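Peer 1: Handing you this structure, nothing more for now.
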Amino acid sequence: MEQLCNEKINVMRLPREEIFLFPRNGDACEQYPSAEQPRAFKAWFEREGYILVRGAVSEKLCKAGVQAFQQEVLHDRKGFFERHASGRYERHVLTESGFMKYPIMNLQDLSEKKYPKFRKFALDLLTQKNIQRAIHILFDEPGRMVHTMYFDGNQTTWAHRDGHYIDSQQEGKMIGVWVAAEDIHPDAGRFFILPRSHRSAVPGELCDPNSTDYKLRMADFVRDGPLDCISPLLRRGDMLMWNSQIIHGSLPTADLRYSRRSFTAHYVPASHKFQWNVKEAASKRNVIINNTEVVLHRDEASWIGQLRNAVRDYLPGLYGVAVAWKKRGRTN
């Protein structure tokens, strides 16, 4: 087991010279309050904007989720999946080591017929009782899961605040959840976070969050700003939770031989609506998994939406032709 200690990492690989495994508090190890201490747990989260929970999900369930992905999803080279980076449905792009580069978004919207095991294990994992308990402590009520993702390789996610894309109706009330589905190697492109950044403004950050200017301003703040950058050592089943206004992202991959398999979810209080800050409307459809409301996003309300989904799921070749034709029309 790798010893937990703060480290200084090669600046050429990272957004700043010093990346720490845990907050600098004068101690030789991390000291995150557990959910067994609910007041301390919540106080830490509200002060720092994030918290780490060791062993939140069983290794067995993590392994089952990864295995289902490899069996049903990874080798589906014709299928189209909603991607985090573009927000569009796209086929897999693989790294030179054969990992899926761009994460799949909204796992709850995957076809139950085509990907039954992966969808089931993913949603079961992200609604586990330990996650629900932690969410309940932080919200003082149950949570509603509004967004999910699965990472295989590392796309090197830019520094950002989730609240600039999606949030609770009350800004800053959404919570992100990231579960390591394997031991994340230090060279795989670990998750990084800036503690207390939920209370720090970044000059010019209110521009388009998908723009190059936004990404540059956030990167500059991570590299040159006054806050520490934390990149915890995460093992299979560990869970990182963060406030929607915390600045975070992923470090560059130093060794392409390593994956960073992980499941991500975003929760809002069950009594709150949620808002897409880059979309016109939020979905009102849902399913219940482990007594947790999970919001669906695929358009099933109209016959056009149902037809589009069916073509994408069962006639991916035809869907690919339509996408290519649409792109060609935009460029002409």
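Peer 1: Of the conditions (1) surrounded by 23 or more Cβ atoms within 10 Å (Cβ to Cβ); (2) part of a loop (DSSP other than H, G, I, E, B), ILE135 clears all except one; give me its number.
Peer 2: Of (1) surrounded by 23 or more Cβ atoms within 10 Å (Cβ to Cβ); (2) part of a loop (DSSP other than H, G, I, E, B), only one is false for ILE135: (2).
Peer 1: So is THR148 modelled with pLDDT of 95 or more, polar (S, T, N, Q) and outside any helix (DSSP H, G or I) or not?
Peer 2: Spelling it out, THR148 is indeed modelled with pLDDT of 95 or more, polar (S, T, N, Q) and outside any helix (DSSP H, G or I).
Peer 1: Test of understanding: among GLU141, GLU112, which residue is of a type in the set (Asp, Glu) and either over 14 Å from ILE289 (Cβ atoms) or part of a helix (DSSP H, G or I) (or both)? Steps first, answer last, please.
Peer 2: Numbers: GLU112 fails: either over 14 Å from ILE289 (Cβ atoms) or part of a helix (DSSP H, G or I) (or both).
Exactly one residue qualifies, and that residue is GLU141.
Peer 1: Here is a follow-up. Please pick out the residue among GLY55, GLY65, GLY98 that is within 19 Å of TYR150 (Cα to Cα) and part of a helix (DSSP H, G or I). Break it down into steps so the answer makes sense when it comes.
Peer 2: Details: GLY55 fails: part of a helix (DSSP H, G or I); GLY98 fails: part of a helix (DSSP H, G or I).
After ruling out the rest, the residue left standing is GLY65.
Peer 1: Just for strands (runs of 3 or more DSSP E) wholly inside region 192-286: which have at least 2 residues that are touching a residue at least 24 places away in the same chain (Cβ under 8 Å) and more than 30 Å from GLU300 (Cβ to Cβ)?
Peer 2: Details: elements: 239-243, 247-250, 262-269, 274-276.
Correct list: 239-243, 247-250.
Peer 1: Sticking with this structure for a sec: Under 8 Å by Cβ, and 6 or more places apart or on different chains, what pairs join a residue from region 298-310 that is of a type in the set (D, E, K, R) with one that is in a loop (DSSP other than H, G, I, E, B)?
Peer 2: Pairs that qualify, where the first residue is of a type in the set (D, E, K, R) and the partner is in a loop (DSSP other than H, G, I, E, B), are ARG298/ASN106; ARG308/ASP299.
Peer 1: Just one of ALA270, ALA265, ALA201 is of a type in the set (A, V, I, L, M), crowded, with 23+ Cβ neighbours inside 10 Å and within 29 Å of ARG144 (Cα to Cα); which is it?
Peer 2: The match here is ALA265.
Peer 1: For region 66-94, name all the residues that are within 19 Å of the chain's Cα centre (by Cα), of a type in the set (Lys, Arg) and exposed (fewer than 14 other Cβ atoms within 10 Å of the Cβ).
Peer 2: Within region 66-94, ARG88 is the sole residue that qualifies.
Peer 1: For region 102-119, which positions are buried (at least 16 other Cβ atoms within 10 Å of the Cβ) and out of contact with any Asp or Glu (no Cβ under 8 Å at 6 or more places or on another chain)?
Peer 2: Hits for region 102-119 are LEU107, GLN108, LEU110.
The values are calculated or read from the model by the stated rules, or taken from the named source; none is laboratory data. Just so it is clear, the model here is predicted, and its values are computed rather than measured. Cβ atoms come from the backbone with ideal geometry, glycine included; neighbour counts cover every protein chain shown.
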